[in-house]
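Report on the structure given below.
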Amino acid sequence: MSIIEVKNLSFVYGIDTPFEKKAVEDVSLSVDEGEVIGLIGHTGSGKSTFVQMLNGLIKPTSGQVLLAGRDIWEKPKEIRNIRFKVGMVFQYPEYQLFDDTVYKDISFGPRNKGYSEKEIDEKVRNAARFVGLSERLLKESPFDLSGGEKRRAAIAGIIAMDPDVLVLDEPTAGLDPKGKNLLLAQIMQYHKQRKNTIFIVSHSMEDISRIADRVMVMNKGRLEMLDTPRNIFAQVEKIESMGLRVPQITKIMMTLKERGVNLPDGILTVEQAFFEVVNLLKKEGKI
Amino acid sequence: MTRDIALGQFIPGKGVIHKMDARVKILLLIAFIVLIFCTFNFISLGLITASVVAVILLSDIPFKMYLKSLKVIILIIVITSLLNIFYGSGEPLVQFWIFKITLSGIYRAVFVTVRIVCLILISSCLTFTTSPTDLTDAIERLMKPLKIFHIKVHEIAMMMTIALRFVPTLLEETDKIMAAQKARGADMESGGMIKKIKAMTPVLIPLFVSAFRRAYDLAVAMECRCYQGGDGRTRMKILKMKKLDWFCVAFTALVLIGVILCNIFFPAAI
């Protein structure tokens, strides 16, 4: 069953001013429960505006967002409830930390949602565990944490609201490679256990190809492509014409193929590439 | 929503007033303000009003903008002119209870209204046609003589420039933080005054933290460029008086002479 259905969604900035600009234009799609959707697009392609319409932070100019079959703007006064169901982690979320301890900060969301103290405690500790924050850190001030830990605390603040849909806007931006991989692994681990739907915006094609079930490609406000990473990244020229690129390893494998090496299309990860190359060498009796 | 606040209402343009030296603009503005209040009869008042209108027409700013700036003070104009009507002396024209309206009261009201309107129009003309950085630059140059009183003119101007520069940045930041806290279910719209103020803490604390972080970064960046205050510092854009500026000075001087002559040769109305 589709948990989120988007119908002809459009958003125009600055209507009736000289600065009028179509940020999102006629986007429609339907997302099943438990899917991981990767969202890629050039800067200014409307990704951020699109994801902010999913939880009602921005009201669409036209079109609808249906959450579990119901229009989220059906009762505009209760839009706050939608924000607990569609959790949104902004870019650089560590800049929203404000309370005097990490524990209190993570509990801000669940407290707003109206959980009891006991439930809050459970949610906070679970969320901290998911993102790999130790118990000891919960008592610290969020401003004393390292950059990576702050990021984790901020993400935990959203996860603790126990949303059905989690939207992450560039969750790994500005982290070192090790922290990046760890955070992605933890998000996927969380996804496996909680089985909720995830939207992830990223500039890293490697990350997207590794974790997404389907990839949305946005260009100039429009949804240009929506398919599996394999099918998307097979269309190198189209992707590159939109100012994006395919994962490096895919590019290497494609170049090899163009030069006459007998490799299959749509190789997305280094592991896969290794497997295919070894296979090929074995077949040709070279190893 | 914080984007709607128009701060530093500079409107870029290519008009004559835009091209003027900001220092000249400030000085002439002061001259005009003094002149506006030194008019004692209708002829000099008419002269100054005509010159203000001339300046506005030359300014290449849509008249709608001027009306907007007048809209803000319409209440003040109405109240002051009403009060002035009852303050005149001499033979009452109309009298009821303790109020009396005299001819001089009506004159006073007309004078006050025209003066305030002229004042707002001419000062709006300055803020509309001068970018905030030009304005602070000009203020720095004009305040230079104050150095002999050990007033740190350059530092004050630099603080003003930085503050103006960061207004839009901090507004944008506020928008972002508000959106992020709303996404965590923060309720900033409902509830009474106290509840609303409390609801702002999750926005204000991150905002302060980021303002301090920016200040620190900026200080480091300035130090990296060997900034050490105003001494020996040269400017990229040197303010220079051009023909146009001298022309404007001459124009204002003529208005000044005109106002003085009108005041001498015609009887005072108030």
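The values are calculated or read from the model by the stated rules, or taken from the named source; none is laboratory data. Values in this document were obtained by computation on a predicted structure and should not be read as measured data. Note that each Cβ is placed from the backbone with ideal geometry, even for glycine, and that neighbours are counted across all protein chains shown.
Just checking: which of the helices (runs of 4 or more DSSP H) contained wholly in the range B:25-94 hold 1 or more residues that are at pLDDT 90 or above?
Filter on the range B:25-94 gives B:42-58, B:74-85.
Could you check residue A:73 against (1) farther than 22 Å from residue A:168 by Cβ; (2) touching a helix residue (DSSP H, G or I) at 6+ places or on another chain (Cβ under 8 Å); (3) at pLDDT below 90 and say which number it fails?
Every condition holds for residue A:73 apart from (3).
Within the range B:204-224, restricting attention to residues that are small (Gly, Ala, Ser) and within 13 Å of chain A (Cβ to nearest Cβ), which residue is farthest from residue B:159 (Cα to Cα)?
Filtering the range B:204-224 for residues that are small (Gly, Ala, Ser) and within 13 Å of chain A (Cβ to nearest Cβ), the one farthest from residue B:159 (Cα to Cα) comes out as B:210.
Just wondering, is there one or more residues in the range A:74-96 that are in contact with an Asp or Glu (Cβ under 9 Å, 6 or more places away or on another chain), surrounded by fewer than 23 Cβ atoms within 10 Å (Cβ to Cβ), more than 10 Å from chain B (Cβ to nearest Cβ) and on the phi > 0 side of the Ramachandran plot?
Among the residues of the range A:74-96, not one is in contact with an Asp or Glu (Cβ under 9 Å, 6 or more places away or on another chain), surrounded by fewer than 23 Cβ atoms within 10 Å (Cβ to Cβ), more than 10 Å from chain B (Cβ to nearest Cβ) and on the phi > 0 side of the Ramachandran plot, which makes the answer no.
So that you can scan it fast, the table gives a plain yes or no per residue for (1) buried (at least 17 other Cβ atoms within 10 Å of the Cβ); (2) among the charged types (D, E, K, R):
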| residue | (1), (2) |
| --- | --- |
| B:138 | yes, no |
| B:154 | no, no |
| B:167 | no, no |
| B:184 | yes, yes |
| B:218 | no, no |
| B:227 | no, no |
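Please pick out the residue among A:182, A:175, A:168 that is part of a helix (DSSP H, G or I) and either among the polar types (S, T, N, Q) or out of contact with any Ser or Thr (no Cβ under 7 Å at 6 or more places or on another chain) (or both).
Exactly one residue qualifies, and that residue is A:182.
Restricting attention to the range A:76-86, report how many residues are modelled with pLDDT of 90 or more and more than 12 Å from residue A:113 (Cα to Cα).
Within the range A:76-86, residues that are modelled with pLDDT of 90 or more and more than 12 Å from residue A:113 (Cα to Cα) number 1.
Based on what the data block shows, is residue A:60 buried (at least 22 other Cβ atoms within 10 Å of the Cβ) and away from every other protein chain (no Cβ under 11 Å)?
Yes, satisfied.
Kindly state which helices (runs of 4 or more DSSP H) lie completely within the range B:187-270 and contain at least 2 residues that are closer than 30 Å to residue B:172 by Cβ and among the acidic types (Asp, Glu).
Those helices (runs of 4 or more DSSP H) span B:201-224.
Return the residues of the range B:140-152 that are in a helix (DSSP H, G or I) and either surrounded by fewer than 20 Cβ atoms within 10 Å (Cβ to Cβ) or among the β-branched types (Val, Ile, Thr) (or both); say none if nothing qualifies.
B:141, B:142, B:143, B:144, B:145, B:146, B:147, B:148, B:149 - these are the residues of the range B:140-152 that are in a helix (DSSP H, G or I) and either surrounded by fewer than 20 Cβ atoms within 10 Å (Cβ to Cβ) or among the β-branched types (Val, Ile, Thr) (or both).
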